[in-house]
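All of the numbers you see were taken from the coordinates with simple rules; none came from a lab. Because the structure is a prediction, the values reported are computed rather than measured. In this analysis, Cβ positions are derived from the backbone assuming ideal geometry, glycine residues included, and neighbour counts consider all displayed protein chains.
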Amino acid sequence: MEHLAILPILIPMLGGVLMLLPPISGDLARQRSLSLAALGALMLVSLWLVLHANGGTIQLYVLGDWTPPFGIVLVADRLSTLMLLLSSALGFACMLYACAGDDRQGAYFHPLFMFQLMGINGAFLTGDIFNLFVFFEVLLIASYALLIHGGGKQKTRASVHYVVLNLVGSSIFLFALGILYGTLGTLNIADMAQKVAHLDAAEQAIASAGALMLLVVFGLKSAILPLQFWLPRTYASASAPVAALFAILTKVGIYSILRVFTVIFGDEAGGLAHIATPWLWPLAILTLTAATIGVLAASSLRELIAQLVVLSVGTLLVGLAMNRIESTGALLYYLVHSTLVCAGLFLLADMIGRQRGKAEDRFVAARRMCQPLGIGIAFFIGALTIVGLPPFSGFVGKALLLKAADIGTEAAWVYPSILIGGLAALIAMSRAGTTLFWHTSREPDSCERVSRLQLVAVFLLLGMSPLLVIFGGPVSDFTLDTATQLHEMSRSVDALLPGGGS
Amino acid sequence: MEMTYALCVGILTTCGIFLALRGRTFPVVVGLTLLSYAVNLFLFASGRLNVEDAAVLMDEATQYTDPLPQALVLTAIVIGFAMTAFAVILAMRARADLGNDHVDGRLPSITDESSNKERP
């Protein structure tokens, strides 16, 4: 049973490798069934890990039996297992959608999808910051290839920006790691948390430079304000299942900020405690503002959803900036909700685009959709959820976040920015819905029906939202426990370092 | 030695950033390569620069060089190499797909201005 912790990395890796080998590599049907089987197994393993972690134990998987802080360690605590469950559920739904035909547009879709998930899961599980870099690269190189899946001018153009930006980001990441290793002498996250309090003043200055460079890198991944310009075009041009899977990539950035700046540079970091907080406040508010404008200015549905992803990142950043147990709990609830719903909306936008012919998903009058009922219901649920209206999960998530804000200066900044962002999203989504569904110029002459599989995938993602509300109590209790465990981690790193510090 | 080393890292980084900000894909790729060289040197130095120290394998030595940065550099080199190869292929694909080698996929200035003038 102890080996289950490494399976979320091994299953997609072996699955991806198997798909490149002869009996499976040439046969799409076999690839599809292997993909779905692997993702199903991944979900079961993640579920087991979540239930195991919910008991409060932090499972350490020490690779090669090199006692931490030497060697690499995987940490399966509440936060990482929650993220694993999220990524595998999302991956399953996206794969279901892709199996309806999107995977035929280019080569190697299934292996790349598997390697992408391997990178994401590895980034969530690892307890070593250099290993985090390695898994970032794994997920990035898979995402580069997935982004141009299907080909076309738009994708190539978006891809050049995305790749160059992320290569620069990787260099900054390595510079930051070099600085931190040079001052702290370790790369194990728990060990770093222990060492950072004992730095002298000169080393503190250098280490803070390294820490803030890490913030830049994670800000680039998660699309925080000055670094978010790549996102709308990239996400809007990627093919639907890929864009939906990318919805979790920004959350990998948020997760890394959470991990690094609450555990290493958290309460116990001495002179470097909470060094990111003064930066996160303005960045959060500005990201929200920029995304609010972007949401109103979007000219097609996919662009609108990409801007809504940025809006959700801004909302999550507000939770990060508050930096308290309640706000982190609320943030995690909102993170789960926004990932699933944004992904569902990306898939939905693709279906809408296909049914409207040449106009695709742009906000212009076009022919009527031939399956308006199923798609319309899905759009209605998705819109209400992402905007944050009751009775769906967006409302609960935002309410939890607003409740976590201190009444006073904090609330004066948080309330208007989140609520105005929600209002802008409401206006944009209503305009989008009216144009796409009611503003029709003619009857459909031919009909490209969406397959049942695609509808199932979309409803699977959007259906999580009512579930998150119905089971709101247990889920928010779990996220609150997760936040408590995370915030206590910087105080009690001994559990993570069975061999003592280096 | 430290001064020379630091200057090397600094100059490589400067050139890398300058080239990465250029408008055409080839200088950008060269810039990224230079940046990754700078990173590799920098990572290597994070274990402190020691001359004539023993490798960690020897039992009788009293002073060791830190082996971890060497392992890190090795990983970084491999990853950086793969990424550069990908960036080169992507740049060639962009040149073929978009008809020019500008990072935005279209040439600025002349063509844009003339089309703007014709519109009204």
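General remarks:
- Note on A:GLU2/A:SER492: beta-carbon distance plugged into 1/(1 + (r/R0)^6) with R0 of 25 Å gives a FRET efficiency of 0.75.
- Classification of the range A:431-475 by its C-alpha gyration tensor yields an oblate form. The axis ratio a/c (a ≥ b ≥ c) is 1.5 or more, and b/c is at least a/b.
- Per the protein assembly as shown, cysteines lacking a partner by the 4.7 Å Cβ criterion: A:CYS94, A:CYS99, A:CYS342, B:CYS8, B:CYS15
- Debye log10 I(q)/I(0) at q = 0.13, 0.14, 0.24, 0.26 Å⁻¹ for the range A:97-159, Cα point scatterers: -0.40, -0.46, -0.94, -1.01
- Cα shape, the range A:418-502, gyration tensor, a/c 1.5 rule: prolate
- Under the convention that each Lys and Arg Cβ holds +1 and each Asp and Glu Cβ holds -1, the size of the dipole of the range A:276-490 around its Cα centre is about 820 debye.
- Computed on the Cα trace of the range A:1-119, the radius of gyration divided by the Kirkwood hydrodynamic radius gives Rg/Rh = 1.03.
- The convex hull of the Cα atoms of the range A:231-284, projected and averaged over all directions, covers 4.4 nm².
- ³J(HN,Hα), Karplus 6.51/-1.76/1.60, whole Hz, each residue of the range A:309-322, x for Gly, Pro: 4, 4, 4, 5, 4, x, 4, 5, 5, 4, x, 5, 5, 5
- Percent of C-alpha pairs per 5 Å bin in chain B, short distances first: 2, 10, 13, 15, 13, 11, 9, 7, 6, 5, 3, 2, 1, 1, 1, 0, 0.
- Taking every Cα-Cα distance in the range A:179-331 and sorting them into 5 Å bins starting at zero, the pair-distance distribution P(r) comes out as 2, 10, 19, 20, 16, 13, 9, 6, 4, 1, 0 percent.
- Each Cα pair under 8 Å and six or more residues apart adds its separation to the average, and for the range A:276-490 the resulting relative contact order is 30 percent.
- Cβ crowding within 10 Å, taken as a proxy for footprinting-reagent exposure, orders B:THR25, A:THR57, A:THR339 from fewest neighbours to most as A:THR57, B:THR25, A:THR339.
- Mean residue ellipticity (222 nm) of the protein assembly as shown, computed from DSSP H runs ≥ 4 via -39,500 (n - 2.57), nearest 500: -23500 deg cm²/dmol
- Phi to ³J(HN,Hα) by Karplus 6.51 cos²θ - 1.76 cosθ + 1.60 over the range A:233-248, Hz, x for Gly, Pro: 5, 4, 5, 6, 9, 5, 6, 3, x, 5, 4, 5, 5, 5, 4, 8
- Cα-Cα over 26 Å, subset of A:LYS155/A:LYS221; A:LYS195/A:LYS403; A:LYS221/A:LYS403; A:LYS251/A:LYS398; A:LYS221/A:LYS358: A:LYS195/A:LYS403; A:LYS221/A:LYS403; A:LYS221/A:LYS358
- Each of B:ILE89, A:ILE305 was scored by other Cβ atoms within 10 Å of its Cβ. Listed from fewest to most, they are B:ILE89, A:ILE305.
- The modelled label-to-label distance between A:ALA205 and A:LEU419, using points 7 Å beyond Cα along the C-beta direction, is 4.5 nm.
- For A:ILE470, A:ILE254, order by how many other beta-carbon atoms lie within 10 Å, fewest first: A:ILE470, A:ILE254
- Per-residue mean of foreign Cβ neighbours for B:90-97 is 5 (Cβ atoms of other chains, 10 Å radius).
- Values of log10 I(q)/I(0), in the order q = 0.07, 0.13 Å⁻¹, for the protein assembly as shown under a Debye, Cα-only, solvent-free model: -0.43, -1.55
- Semi-axis lengths (Å, descending) of the ellipsoid that matches the C-alpha gyration tensor of the range A:158-204: 30, 11, 7
- Stretchable slack from A:ARG442 to A:PHE70, in nm (0.36 nm times residue separation minus alpha-carbon distance): 127.2 nm
- Two-decimal Rg to Rh for the range A:1-60 - Kirkwood Rh, Cα set: 1.11
- Cα-derived Rg to Rh of the range A:276-490, Kirkwood definition: 1.02
- Each Cα pair under 8 Å and six or more residues apart adds its separation to the average, and for chain A the resulting relative contact order is 17 percent.
- Other protein chain C-beta atoms within 10 Å of residue C-beta, averaged over A:139-145: 2.
- Exercise: per-residue mean of other protein chain Cβ atoms within 10 Å, B:78-86: 4
- Gap separating the Cα centres of the range A:369-388 and the range A:433-502, nearest whole Å: 17 Å
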